[in-house]
1. If I filter the range 48-59 for residues that are surrounded by fewer than 21 Cβ atoms within 10 Å (Cβ to Cβ), assigned to a strand (DSSP E or B) and in contact with a Ser or Thr (Cβ under 6 Å, 6 or more places away or on another chain), do I get at least one hit?
2. Could you run through the range 5-31 and say how many residues are of a type outside the set (Gly, Ala, Ser), farther than 25 Å from Cys339 by Cβ and at pLDDT below 95?
3. Out of the residues in the range 224-238 that are modelled with pLDDT of 90 or more and touching a strand residue (DSSP E or B) at 6+ places or on another chain (Cβ under 7 Å), which is nearest to Val278 (Cα to Cα)?
4. Just to be sure, is Lys147 in the same structural domain as His233 (by TED's automatic domain parsing) and either of a type in the set (Lys, Arg) or modelled with pLDDT under 95 (or both)?
5. For Lys105, all conditions in the list (1) assigned to a loop (DSSP other than H, G, I, E, B); (2) not assigned by TED's automatic domain parsing to the domain that holds Asp199 hold save one; what is the number of the exception?
6. Out of all the residues in the range 112-159, which are of a type in the set (A, V, I, L, M, F, W, C) and either closer than 11 Å to Ile183 by Cα or assigned to a loop (DSSP other than H, G, I, E, B) (or both)?
7. Confirm whether Leu205 is modelled with pLDDT under 90, in the same structural domain as Leu23 (by TED's automatic domain parsing) and crowded, with 17+ Cβ neighbours inside 10 Å.
8. Taking the range 51-88 as the region of interest, how many residues are over 13 Å from Val247 (Cα atoms) and in contact with a helix residue (DSSP H, G or I) (Cβ under 6 Å, 6 or more places away or on another chain)?
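The values are calculated or read from the model by the stated rules, or taken from the named source; none is laboratory data. Nothing here was measured: the structure is a model prediction, and the numbers come from that model. Every residue, glycine among them, receives a Cβ derived from its backbone with ideal geometry; neighbour counts consider all protein chains shown.
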Amino acid sequence: MTSETLRIDGERGALFASDGPTLSVRDLRVHFPITSGFLIRRQTGAVKAVDGVSFDIAPGETLGLVGESGSGKTTTGRAILQLQRPTAGSVEFGGVDLTGVSAKKMRPFRSEMQIIFQDPYGSLNPRMSAGRIIGEPLTVHGLAGDKDQRRDRVAELLERVGMNPAMMNRYPHEFSGGQRQRIGIARALAGEPSFIVCDEPVSALDVSIQAQILNLLSDLQSEFNISYLFIAHDLSVVRHISDRVAVMYLGKIMELAPSAELYENPTHPYTRALMSAVPIPDPLIERQRERIVLAGDMPSPINPPSGCVFRTRCPIATDECAEIVPELSDHGNGHAVACIKV
């Protein structure tokens, strides 16, 4: 866990780490154009998948990014890695704004910034052995010498993620879901990264396997001082691995706070609604607590509501919420909330 000092940037209204972050994201926007016409294509609108997101991630810190499906979490992660080029904003890594770096010049950054995918079944090439899958980044980035050295490094990585090196000649279909995800983690580690986007890495796994993978990620972070952006929709999973948590809705961050603070004192109406849906193992407490049910569905990112994007489903919204776009404001203890009513 990190102990960095936190501050509020008044101009952008976002919560940032002040002791030299690994990653700095400022006003990140990803808008997908909507076009019409047959011979001459004209843009008629845009899908605002990510619309003004800002945060820092400190060395060795895990920032959890949570929200409903369609809130823009995965697109944020892909835009940070430049797998999806942002429409606007900046992504600073190692003091370099990656949004201005060409695809060719991005290669040196690829080994430092990795991703663990959600689907352990679809993210591995079925025609490649586990050894080739893990060894490929070593070859691409020139991180291993001859064939024997590369094989030794692959064996070392397999051992580090809790697998038998003798399995390196097996193919993905010969492994379980948890084993495949371990191979995906080993592949990400091969580049010796300082930052990894974990895109719902345990959502496709059984609960018992989820705990093993989360413990593995925590151990690797402690050993190598890796920073994580941990994307998930399961709030109980995020609670145990994250130092801070950002709650995202319709392309914007609604609340950002240290993990313990957020779960003990959820402030934004959207966060409180999400928290009320998390099961509690004590039946007595589960029956007595208040359940907040949001009306309707998330609006379309093609035509988001004016003012606060959450106002159409918010139980405390007023006419004023349709006029004012709320900024993340400081509520103390490193806690920032984008709501004019709290």
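1. Checked against the condition, which is being surrounded by fewer than 21 Cβ atoms within 10 Å (Cβ to Cβ), assigned to a strand (DSSP E or B) and in contact with a Ser or Thr (Cβ under 6 Å, 6 or more places away or on another chain), the range 48-59 yields no hits at all.
2. 3
3. Val238
4. The answer is no for Lys147.
5. It is condition (2) that Lys105 fails.
6. Matches in the range 112-159: Ile116, Phe117, Leu124, Met128, Ala130, Ile133, Ile134, Leu143, Ala144, Val154, Leu157, Leu158.
7. Taking the combined requirement at face value, the residue satisfies it.
8. The number of residues fulfilling the criteria is 4.
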